[in-house]
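Just below is one structure, and these are the notes that go with it.
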Amino acid sequence: MRASDTEVVFPTSAAEAIQAFGDGRDVTVFAGGTILMAARAYGRFPPTARTLMLDRAGLDELGGDGTVVIGAMTRLSTLAGSGLEPLASAAADVADVEIRAQATLGGNLCAPPGLESPRGDLQAPLLAVGARVSSAAAGGEQTEPVEEFLARALEDPRLVLAVEFERPRRASYLSQRRPHTHSYAVMSVACAETSDGVRVAAGGIGPKASRLEAVERALANGAAPEEAAAAAEGAVQPADDALASGWYRSAVLPTLIRRALEHLQGA
Amino acid sequence: MELNVNGVSQPVARHPLTSLLEVLRGELNVLSPKAGCLQGACGTCTVLIDGEPRRSCLVPIGTLEGAEITTVEGLGAPGDLSPIQAAFHQGYAAQCGYCTSGMLMAAHALITASGGPVGREQVIEALGGHICRCTGYVKIVDAVMAAARGEVDVAELDELLVPEPAEPEVEIKGSPA
């Protein structure tokens, strides 16, 4: 099946998009397209009957006073300039100017794990701020913590509409990267001081980003950054990929956590 | 659908997921954007969409209704080069030329947005998504900064003509043609 065999639809509202998504089976959701178009170029566009293009569905709101709401189609370039930390720093860190203008928050959140390098750099910041994901499927719309959304199986597709969270008091984001002007993050750590305390999450250390609850508990018990970072040992088992080995990631992660916590405390 | 390329509206009848790069090169004979990696990582396909640098290999034409697309062909031509093209020529910022189209478009967008001189770090940030195998980048960055400062002698370059192919002086005898 070729990409040109899929039926392409352009819903012009969230309601139309939800209806076109249906139960999500045999539908490819096309947000920014930076992953899907590369797949298409290499003959790997998902062989679904229908492709749902979201660029006209109006899912790009950004704002809110107490609770911030960010639409799924918000471009990473917009997020990078928003001042909403730690998401803004993470978004500014992704790829380059051209990719950020096209890639979206929703697409990044839902990015399938990369074989060669980590994807979904916004997952760790969303975990750190305790974001909630609003999504739709055949059973209706619902809002759930981002940890639960990320834990959903591939066989349980949902259409992401927006994320929401309360602005943290302080936040930090740090990534460890290859020495290019613009490169993939080998791994990243996002921290946020929320009303429930400090939350710490890491990306690039598994198929999806995850919270580092051992580090959070150590901090809650008064540990300094170095001691809290050491609590992450054994908490994650990073795999090898084209950017770095699991061994390297495990060796470097505590330093990245310590520095991210120091940045947070100095912020 | 219609695609507006360098100010000219062109009818295109391809599947909406067809990439802009495929249509520019394959249908519209706009050859400046190049097919490098086809994954958005190398920058050789960069064009401007509504003035913003974008990866034409990753943009499906179905999302380009009403958009203004600009390529190198829309910046200038031999005998009428834009300042950034002139700066690249005068600064030896191109060797094989494969990265040049993308570099020019990203640089043009940077200079247009800044409206004046730009610093080295700004140029590196703006062009950082473009890979060059030949030049080592230094002369590219220098050329962009020179163009932003207006230090380009466009008049000198207006005298450069596209050379006519020379007629052979010797008739080749015995050719089967």
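Contact-buried residues of segment A:11-38, at a threshold of 10 Å² lost accessible area versus the chain by itself: A:PHE30, A:THR34, A:MET37, A:ALA38 (1.4 Å probe; DNA, RNA and ligands ignored).
Mean separation of Cα pairs under 8 Å and 6 or more residues apart, divided by the residue count, gives chain B a relative contact order of 22 percent.
Mean Kyte-Doolittle of at least -0.5 and a Cα length of 18 Å or more along the axis: which whole DSSP H helices of chain A meet both? All intermediate terms of the calculation are to be shown ahead of the outcome.
Working: long enough: A:246-266 (30 Å, -0.11).
Once both thresholds are applied, what remains is A:246-266.
Ranking of A:GLU141, B:GLU156 by solvent-accessible surface, largest first: A:GLU141, B:GLU156 (1.4 Å probe, protein heavy atoms only, all chains present).
Jot down the per residue volume, in cubic angstrom and as a whole number, of the convex hull over the alpha-carbon atoms of segment A:3-266.
Values: hull volume 32.8 nm³, N = 264.
In segment A:3-266, the Cα hull volume divided by residue count equals 124 Å³.
For segment A:218-263, the equivalent ellipsoid built from the Cα gyration tensor has semi-axes of 23, 11, 6 Å, listed from largest to smallest.
Between segment B:86-148 and segment A:1-68, what's the alpha-carbon centroid distance in Å? Answer, in whole Å: 34.
Taking the Cα centre as origin and putting +1 on Lys and Arg beta-carbons and -1 on Asp and Glu beta-carbons, what dipole magnitude results for segment A:74-131, to the nearest 20 debye? Walk me through the numbers on the way to the answer.
Working: 3 positive and 6 negative charges, 35 e Å.
Once rounded to the nearest 20, the dipole reads 160 debye.
At an R0 of 41 angstrom, the distance between the Cβ atoms of B:CYS37 and A:GLU226 translates into a FRET efficiency of 0.50. Projected label points at B:ARG133 and A:THR143, each 7 Å from Cα along the beta carbon direction, are separated by 5.2 nanometres.
To the nearest 0.05, how large is the calculated FRET efficiency for A:GLU233 and A:THR67 if R₀ is 51 Å and r is the Cβ-Cβ distance? Numbers along the way, then the final one.
Values: r = 35 Å, r/R0 = 0.69.
Plugging the Cβ-Cβ distance into 1/(1 + (r/R0)^6) gives 0.90.
Based on Cα atoms of the protein assembly as shown, Rg over Rh with Rh as the Kirkwood radius reads 1.03.
Using a 1.4 angstrom probe with every protein chain in place, what is the largest-first accessible-area order of B:MET145, B:MET105, B:MET1? Write out the running numbers ahead of the final one.
Details: B:MET145 20, B:MET105 0, B:MET1 70 Å².
Sorted descending by solvent-accessible area, the residues read B:MET1, B:MET145, B:MET105.
Interface size, chains A and B: roughly 2100 Å² of accessible area buried, both sides included, 1.4 Å probe, rounded to the nearest 100. Accessible surface for segment A:1-75, divided over its residues, is 46 Å² per residue with a 1.4 Å probe. Of all the options B:ALA94, B:ALA107, B:ALA13, the one that moves most in a Gaussian network model of chain B with Cα springs shorter than 10 angstrom is B:ALA13. Each 10 Å bin from zero up to the one holding the largest Cα-Cα distance in segment B:98-159 carries the following percent of pairs: 22, 54, 23, 1. Each helix, a run of at least 4 DSSP H residues, gives -39500 (n - 2.57); summed and divided by the residues of the protein assembly as shown, these come to -8500 deg cm²/dmol at 222 nm. Rolling a 1.4 Å probe over the protein heavy atoms leaves A:PHE149 with an accessible area of roughly 20 Å².
Remark on B:GLN10: its backbone amide H falls under 5 Å from those of B:LEU3, B:ASN4, B:VAL5, a criterion applied only to residues 5 or more positions apart or on other chains, H modelled at 1.01 Å from N.
Within 10 Å of each Cβ of B:58-70, how many other protein chain Cβ atoms are there on average? Walk me through the intermediate numbers first.
Values: counts 13, 7, 10, 0, 8, 9, 0, 3, 0, 0, 0, 0, 0.
Counting other chains' Cβ atoms within 10 Å and averaging over B:58-70 gives 4.
Taking chain B as a whole, which cysteines find no other cysteine Cβ under 4.7 angstrom from their Cβ? Result for chain B is B:CYS96, B:CYS134, no neighbouring Cys Cβ within the cutoff.
For segment A:95-110, 3J(HN,Hα) computed residue by residue from phi via the Karplus equation (6.51, -1.76, 1.60; θ = phi - 60°) reads 6, 8, 3, 5, 5, 4, 6, 10, 6, 10, 4, x, x, 5, 4, 8 Hz, glycine and proline entered as x. For segment A:1-159, the Kirkwood radius over C-alpha pairs fed into Stokes-Einstein at 25 °C and 0.890 mPa s yields D = 152 µm² per second. Of the accessible area of the protein assembly as shown, computed with a 1.4 Å probe over protein heavy atoms only, carbon and sulfur atoms account for 51 percent.
Could you size up the charge dipole of the protein assembly as shown around its Cα centre, putting +1 on the beta carbon of Lys and Arg and -1 on that of Asp and Glu, and report it in debye to the nearest 20? Please report the intermediate quantities before stating the final value.
Details: 34 positive and 54 negative charges, 218 e Å.
I would put it at about 1040 debye.
Taken one residue at a time, the phi angles of segment A:38-55 give Karplus couplings (6.51, -1.76, 1.60, θ = phi - 60°) of 5, 4, 4, 4, 9, x, 10, 5, x, x, 8, 5, 9, 10, 9, 8, 9, 5 Hz. Gly and Pro are set to x. Summary of the geometry: segment A:81-107 and segment A:181-230, compared by the centres of their Cα atoms, lie 19 Å apart. In this structure segment A:130-209 gives 44 Å² per residue of accessible area when probed at 1.4 Å with all protein chains present. Scanning chain B for trypsin sites (Lys or Arg not before Pro) in DSSP loops with at most 15 neighbouring Cβ atoms within 10 Å leaves B:1-132 as the longest stretch between them. Taking A:GLY130, A:GLY139, A:GLY83 in turn, the Gaussian network model of chain A (Cα-Cα springs below 10 Å) assigns the largest fluctuation to A:GLY139.
Volume of the convex hull of segment A:113-254 (Cα atoms only), normalised per residue: 124 Å³. Across A:SER134, A:SER82, A:SER172, mean-square fluctuation computed from a Gaussian network of chain A (C-alpha pairs under 10 Å connected) peaks at A:SER82.
A probe of 1.4 angstrom, applied to the heavy atoms of all protein chains, finds B:CYS134 with accessible area near 60 square angstrom.
Database remark: amide H of A:LEU54 closer than 5 angstrom to the amide H of A:PHE30 (H placed geometrically; neighbours at sequence offset of 5 or more, or on other chains; Pro and chain starts carry no H). For segment B:67-73, backbone phi angles converted through the Karplus equation (6.51, -1.76, 1.60; θ = phi - 60°) give residue-by-residue couplings of 8, 9, 9, 10, 10, 4, 4 Hz, Gly and Pro being listed as x.
Per-residue shielding of B:126-132, expressed as the average number of other chain Cβ atoms within 10 Å of the residue Cβ, stands at 5.
How big is the Kirkwood radius of chain B, worked out from every pair of different alpha carbons and given in Å to one decimal? List each step's numbers first, then the result.
Working: mean 1/r = 0.0575 Å⁻¹.
For chain B, inverting the mean 1/r across all distinct Cα pairs yields 17.4 Å.
With the cut-off at 1.5 for a/c, could you classify segment B:31-77 from its C-alpha gyration tensor as rounded, prolate or oblate? Oblate, since a/c reaches 1.5 and b/c is not below a/b.
In segment A:168-182, the residues that give up 50 Å² or more of accessible area when the other protein chains are added, compared with the chain on its own (1.4 Å probe), are A:THR181, A:HIS182. Taking all protein chains together and rolling a 1.4 Å probe, A:ARG177 ends up with roughly 70 Å² accessible.
The values are calculated or read from the model by the stated rules, or taken from the named source; none is laboratory data. Quantities reported herein were computed from a predicted structural model and do not represent experimental measurements. Backbone-built Cβ (ideal geometry, glycine too); neighbour counts: all protein chains shown. Each accessible area value is taken on the protein alone, full model and side chains, heavy atoms only, with ligands, DNA and RNA left out. Shrake-Rupley method; radii C 1.70, N 1.55, O 1.52, S 1.80 Å.
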